[in-house]
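Written out below as structure tokens is the structure these notes cover.
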Amino acid sequence: MKITVLGIGHVGLVTAGCMAELGHEVVGYDVDESKIEVVRSGRTPFYEPGLDELLQKGVASGRLTVTVDQGAAIAGADVVFICVGTPGLPHGGPNLTYVQEAAAMVARVATGPVVVAEKSTVPVQTGARVRQALQMEAAARDTEVLMSVVSNPEFLREGSAVQDTLRPDRIVVGADDEHGHDVMRRVYAPMLAQHDCPYVATDVPTAELIKHASNAFLATKISFINAVSRVCELSGADVEVVADAMGHDARIGRAFLNAGIGYGGSCFPKDVRAFDRIASELGYDFGMLRETDKINREAREWPMRRLREHLWNVAGKTVAVLGVAFKPGTDDIREAPSLDIIGELIEEGANIRLHDPVAMDQIRDLFPDAHFAASGVEALDGAHAVILCTEWPEYGEITPADLKARLEYPVVIDARNLWDLAAMRDAGLTAVQVGRG
Ligand code: UGA
């Protein structure tokens, strides 16, 4: 099948690479010429394990091409995936201008029947708007090409995006006509032949809602355990044991019960607010989502509060910050909790020593006065305290002896509960973790 992907950001590029891997003929389109050049050479413009190999394979086989030419990208496509950005607006809802532009572009160029599939995360009922945009443009051009609107949300996580896409927990396809459903079944047939998973065929609004509900639920689960961690701190209980024991209940599950400094990234913060916004526009006050967001913002204040307890005045002290990416496995710093923490440290007059295994290039210009360390261990040298913001596995190799030997004062703020608390305390460190007595 011929598949077009509009927008080759994180979701678009992974979709393009995986669709080519399934044997489809894929064209990726983007307005950003420099991005196109990088992909054309079989490389990834951002860090995503396994994606380089997939792109190289796709480009070498001729099944994956990329272009800035709209006509060449869309002409003859069976399916056009809309994977453009939907950045958050100040009122909480997403900016859907790029989605509308993408839909209009399809209607301008399409010459035969085409399925327009939303993959960008959008509020429920956006499909109806996409259909309207297609119809407007088609009417303006007097064309009567069959254009079906489909919602096909992705559930990929950065850092494991390729595996999540090729071996998903479920595939969700919402369509309002049989043509849409038929075409999408053919798109996913090669994947389902290799990997058995539920295929949820539904209408467009239901598919759109599944995506927002899934992300909002996971975000709420994280905020729930972070709220529990506050009660643990006040009562002397241990949130790690609480989470493990809760997780043994199959109805609850242990995943996404890691207390810390909350969720970041380009999805959860934006999607929680957007879901609240669309619910309110539809007439439902989804207060729980605002509480999820509030708890998440408060979680980011925890490290500085604990730091001040131990250092008293932060001004003039040197603080090492380990991990800047919003989670391990990515160089993405969008809505990373670390940025708030570094911002506060700077505001309070601290000297900063920063390290991240892959996100250093994203932060050099943001914090020109910081020291950029060559390794996590080097970042510790001479610091009065360390704040661990991202639980990169390599930081797990740092021992209590390393911390003791390299830090000026033995203050360890482990905001992701990565290190062994008892071992740190045995080594004479003043160590604190989230939700642990
Ligand atoms: C998330 C969803 O997990 C994907 O299913 C979804 O497709 C994607 O958003 C999207 O909408 O595109 P992602 O943002 O890549 O994926 O990252 P997650 O692994 O879900 O982590 C999100 C944040 O939650 C991270 O900051 C992480 O540190 C935090 N987190 C996660 C916790 O604080 N505690 C946990 O127990 C789990």
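Remarks
- The chain, dipole about Cα centre (Lys/Arg Cβ +1, Asp/Glu Cβ -1), debye to the nearest 20: 360
- Most simply put, the chain has about 10% antiparallel DSSP beta bridges, counting only bridges with both residues inside it.
- Per the Debye calculation on the chain with a single equal scatterer at every Cα and no solvent contribution, log₁₀ I(q)/I(0) for q = 0.08 Å⁻¹ amounts to -0.51.
- Placing unit charges on the Cβ atoms of the charged side chains and taking the dipole of the chain about its Cα centre, the candidate lying farthest along the positive direction among Gly253, Ala60, Met304 is Gly253.
- Ranked for footprinting exposure by Cβ neighbours inside 10 Å, fewest first, Trp392, Trp419 give Trp419, Trp392.
- Based on Cα contacts under 8 Å between residues 6+ apart, the stretch 1-152 shows a relative contact order of 22 percent.
- Calculated FRET value between Leu192 and Glu347, using beta carbons and R₀ = 51 Å, to 0.05: 0.45
- Along the stretch 315-326 the Karplus relation, 6.51 cos²θ - 1.76 cosθ + 1.60 evaluated at θ = phi - 60°, assigns HN-Hα couplings of 3, x, 7, 10, 10, 8, 10, 9, x, 10, 3, 5 Hz to successive residues, with x for each Gly and Pro.
- Centre-to-centre separation between the Cα atoms of the stretch 181-250 and those of the stretch 126-152: 32 Å.
- Share of alpha-carbon pairs per 5 Å distance bin for the stretch 86-183, given as whole %: 2, 12, 20, 20, 18, 15, 8, 3, 1
- Proximal lysines to Lys317, defined as alpha-carbon separation beneath 19 angstrom and excluding residues fewer than eight positions away on the same chain: Lys404
- Cα pair distances in the stretch 202-323, grouped into 10 Å bins until the bin that holds the longest one, percent each: 12, 34, 31, 17, 5, 1
- Sites Asp69 and Ala128, calculated FRET efficiency, Cβ-Cβ separation with R0 22 Å, nearest 0.05: 0.15
- Taking the centroid of alpha carbons for each part, the stretch 23-68 and the stretch 367-437 are 39 Å apart.
- Across the options Leu345, Val358, Tyr284, the greatest Cα extent toward the positive end of the charge dipole of the stretch 240-364 (unit charges at beta carbon of Lys, Arg, Asp, Glu) belongs to Leu345.
- Taking 0.36 nm per residue of separation and subtracting the Cα-Cα distance, full extension of the segment from Ala315 to Arg254 would add 18.0 nm.
- Compared with the dominant principal axis of the Cα atoms in the chain, helix 10-21 is inclined by about 60°.
- Listed by chain and number, the lysines placed with their C-alpha closer than 17 angstrom to that of Lys327 are Lys221, Lys270; residues fewer than eight positions away on the same chain are left out.
- Cβ-derived FRET efficiency at R0 51 Å, Val231 paired with Thr97, nearest 0.05: 0.75
- Applied to the stretch 23-31, the Karplus parametrisation 6.51 cos²θ - 1.76 cosθ + 1.60 on θ = phi - 60° returns per-residue 3J(HN,Hα) values of x, 7, 9, 10, 10, x, 10, 8, 7 Hz, with x for Gly and Pro.
- Taking label points 7 Å from Cα along the Cα-to-Cβ direction, Val358 and Tyr409 give a separation of 3.5 nm.
- All lysines inside 26 Å of Lys2 as judged from Cα atoms, apart from same-chain residues fewer than 8 positions distant: Lys35, Lys57, Lys119, Lys211
- Prolate/oblate/rounded call for the stretch 1-153, Cα gyration tensor, a/c under 1.5 rounded: oblate
- Summarising the amide proton neighbourhood of Arg353: residues at separation of 5 or more, or on other chains, whose placed amide H is nearer than 5 Å comprise Val319, Ala320, Val321, His371.
- Looking at the stretch 73-172 alone, DSSP beta bridges between its own residues are antiparallel in about 10 percent of cases.
- Convex hull (Cα only) mean projected area of the stretch 272-396, reported in nm² to one decimal: 8.8
- Cα gyration tensor shape for the stretch 51-116, rounded if a/c is under 1.5, else prolate or oblate: oblate
- Gyration tensor (alpha-carbon) shape descriptor, the stretch 297-348, a/c threshold 1.5: prolate
- Estimated purely from DSSP H runs of n ≥ 4, each contributing -39500 (n - 2.57), the mean residue ellipticity at 222 nm for the chain is -14000 deg cm²/dmol once divided by its residues.
Readers should treat all values here as calculations from the given coordinates under stated rules, not as data from a laboratory. All values reported here derive from a predicted model rather than from experimental measurement. Ideal geometry is used to build each Cβ from the backbone, glycine not excepted, and the neighbour counts take in all protein chains shown.
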